[in-house]
Amino acid sequence: MKKINTLLLVLCIAIFSSCDNDHNSNSQDTPLNTTVNFQYKSTINVGGEGASEISAFDAVTNKLYVVNVASNQISVFDISDINAPLQEAPINLSVYGAPNSVAVKDGKLAIAVEATVKQNPGKILVYNTADDSLLNEYNVGALPDMVTFSKDGNLIISANEGEPNDDYTVDPMGTISIIDLADSTTTTLDFTSFNAQQAALEAQGFRVFGPGATLAQDVEPEYVAISEDSQTAWVSLQENNGMAKVNLISKTIEAIYPFGFKDHSIAGNELDVSDKDGLTTLKNWPVFGMYQPDAIVNVNINGTDYIISANEGDSRDYDGFSEEDRVDDLTLDETIFPLTEDYQNEINLGRLKTTKTLGDIDNDGDNDIIYSYGARSFSVWSANGNLVYDSGNSIATETLALTPNRFNDEDKRSDDKGAEPEAVEVLNIGNERYILFVGLERTDQVMVYDITNPTAPTFLSILSHAGDEAPEGVLIIPAITSPTGNDLLVVSNEDSGTVSFYENEQ
């Protein structure tokens, strides 16, 4: 009997031990795979030039919506199988105007549409992604250039660029519109309250330079980034070289942050400034770059908000007003730019595009400083507009080392804005690793960086596919909503009219 009891006890202990081990095994989280290995998968040929600018994905229907300016429509594709996307009926916008941007959230598609006359108020159209039927339309400011949803899906925010007409006789205010979906109200914010701060902002590197324009007329909102808690928006003001911060609760513009200038004379900021020297050489030059970001994105890392900008650069070049000049057309202060250095030779600084609106700091008729467009980099900014990190010459260095035939578009853009970083997007892998994608318009590539430490990002790789030209938008479809079960990168290429898919193979 004792033997039986002992056996029973041993058996119970063994069973309990086995159950306990199973419990412990199930309670432990499966280790997160943080591998970054994006591989090209497929391409959609949407159409010709302008047929593919910005894309948005609806996880419920697996539809990809693509801004097709060439056809005044939103092209629609079922990407349940990314290797064999199916084209569906497009959304025709010809009765409204030209589309500029799309965004998707909770079964709703928002489309930013500029008026036939760009200086007139534009619209945000909202569609049901289940059947692509129009739900509502909202009037916003002139030339809505970018649209996005708040993270909670309650708001739609648009950056209304407000560009002047070609004669520069009509210059509408740049504005930001906030659409509250709960009550279908629209609040459009302008910058008139900052007019009195113009001099102070300009002293910090902000630009107000349209002929006869107030600050409110001159600002041109370009792109919107939203905080994770849906309480704050940041809006890039590209031509003005700054960023606005918007309180989405009170629906007010809280601040303008001037970005200042990048010193290309210091180590790490070297650049190639000539397309006529027959060389692809990075050197330091006595030039300051205006950051002038296009796309921006917000990422929260360890509880801190960061804004990442693609510092493309942009000038105003209209029939009625142009700020563009080349260095060889300037009158330079010879005490700062000695004739012995031959700066205005086309093999030196002569070909570099600059602005006529800055540089004569003592008002004596000659240039004391040379400013170039864009910073040829991406930057990390704090929530209050302080520079945390700039990639310096990393984009030029890596493209020159790995793809020298593509450097600055075969060196043809060295005199202008280099590779032109245009688009940025961040992949968050389980709050453990943060991967940045930077689209380069002129080299037809996407740079990949690890920004888990936002003060010291590391370069990972360059992505590209033959036939893709001028990436305008980059989109991340995270694994949790991806039709493949893996993270996807979707690249919309403006000049080639193509959309390409890259998958993070685990």
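The values are calculated or read from the model by the stated rules, or taken from the named source; none is laboratory data. Small disclaimer: the values here were computed from a predicted structure and weren't measured. When we count neighbours, we look across all protein chains shown, and the Cβ atoms used for this are built from the backbone with ideal geometry, even at glycine.
Annotations for the structure displayed:
- Of the listed requirements (1) crowded, with 22+ Cβ neighbours inside 10 Å; (2) closer than 23 Å to residue 162 by Cα, residue 327 misses just one: (2).
- Of all residues in the stretch 118-134, those satisfying the criterion of being more than 26 Å from the chain's Cα centre (by Cα) and among the aliphatic types (A, V, I, L, M) are 130, 134.
- Among residues of the stretch 234-252 being touching a Leu at 6+ places or on another chain (Cβ under 9 Å) and surrounded by fewer than 19 Cβ atoms within 10 Å (Cβ to Cβ), the one that is farthest from residue 386 (Cα to Cα) is 251.
- Considering residues of the stretch 287-304 that are of a type in the set (A, V, I, L, M, F, W, C) and either at pLDDT below 95 or not in a strand (DSSP E or B) (or both) only, the residue nearest to residue 147 (Cα to Cα): 295
- Checking residue 250 against (1) of a type in the set (Gly, Ala, Ser); (2) in contact (Cβ under 8 Å) with a residue 60 or more places away in the chain; (3) not in a helix (DSSP H, G or I), the condition it does not meet: (2)
- When 377, 372 are checked against the criterion of being buried (at least 20 other Cβ atoms within 10 Å of the Cβ), more than 30 Å from residue 303 (Cβ to Cβ) and modelled with pLDDT of 95 or more, 372 stands alone in meeting it.
- Residue within the stretch 442-464 that is in a strand (DSSP E or B), surrounded by fewer than 17 Cβ atoms within 10 Å (Cβ to Cβ) and without any contact (Cβ under 8 Å) to a residue 40 or more places away in the chain present: yes
- Boolean, residue 395 is hydrophobic (A, V, I, L, M, F, W, C) and surrounded by fewer than 20 Cβ atoms within 10 Å (Cβ to Cβ): no
- Some residue of the stretch 405-418 being closer than 19 Å to residue 39 by Cα and surrounded by fewer than 19 Cβ atoms within 10 Å (Cβ to Cβ): no
- Of all residues in the stretch 179-194 being exposed (fewer than 14 other Cβ atoms within 10 Å of the Cβ) and not hydroxyl-bearing (Ser, Thr, Tyr), the one that is nearest to the chain's Cα centre (by Cα): 182
- Elements of type strands (runs of 3 or more DSSP E) in the stretch 27-133, at least 2 residues being modelled with pLDDT of 95 or more and farther than 29 Å from residue 175 by Cα: 38-45, 73-78, 86-92
- Filtered residues of the stretch 88-114 (kept if farther than 22 Å from residue 295 by Cα and touching a strand residue (DSSP E or B) at 6+ places or on another chain (Cβ under 7 Å)): 88, 89, 90, 91, 92, 93, 96, 97, 107, 108
- Within the set 145, 218, 167, the sole residue that is in contact (Cβ under 8 Å) with a residue 60 or more places away in the chain, among the acidic types (Asp, Glu), touching a Gly at 6+ places or on another chain (Cβ under 6 Å) and under 30 Å from residue 289 (Cα atoms) turns out to be 167.
- The residues of the stretch 276-335 that are closer than 15 Å to residue 353 by Cα, without any contact (Cβ under 8 Å) to a residue 40 or more places away in the chain and of a type in the set (Gly, Ala, Ser) amount to a single one, 322.
- Whichever residue in the stretch 266-300 is under 26 Å from residue 472 (Cβ atoms) and among the small types (Gly, Ala, Ser) and, among such residues, is surrounded by the most Cβ atoms within 10 Å (Cβ to Cβ): 295
- Here is the figure for the stretch 134-158: residues that are among the hydroxyl-bearing types (Ser, Thr, Tyr) and either modelled with pLDDT under 95 or not in a strand (DSSP E or B) (or both) total 1.
- Residue match in the stretch 496-505 (condition: assigned to a loop (DSSP other than H, G, I, E, B) and buried (at least 18 other Cβ atoms within 10 Å of the Cβ)): yes
- For the stretch 305-326, a tally of residues being polar (S, T, N, Q) and either in a strand (DSSP E or B) or in contact with a helix residue (DSSP H, G or I) (Cβ under 6 Å, 6 or more places away or on another chain) (or both) returns 2.
Results for (1) among the small types (Gly, Ala, Ser); (2) assigned to a strand (DSSP E or B); (3) within 18 Å of residue 225 (Cα to Cα), shown as yes or no for each residue.
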{"residue": "365", "(1), (2), (3)": "yes, no, no"}
{"residue": "369", "(1), (2), (3)": "no, no, no"}
{"residue": "372", "(1), (2), (3)": "yes, yes, no"}
{"residue": "376", "(1), (2), (3)": "no, no, no"}
{"residue": "381", "(1), (2), (3)": "no, yes, yes"}
{"residue": "385", "(1), (2), (3)": "yes, no, yes"}
{"residue": "392", "(1), (2), (3)": "yes, no, no"}
{"residue": "396", "(1), (2), (3)": "yes, no, no"}
{"residue": "399", "(1), (2), (3)": "no, no, no"}
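- Matching residues, the stretch 204-236, being in contact with a Pro (Cβ under 6 Å, 6 or more places away or on another chain), hydrophobic (A, V, I, L, M, F, W, C) and not in a loop (DSSP other than H, G, I, E, B): 235
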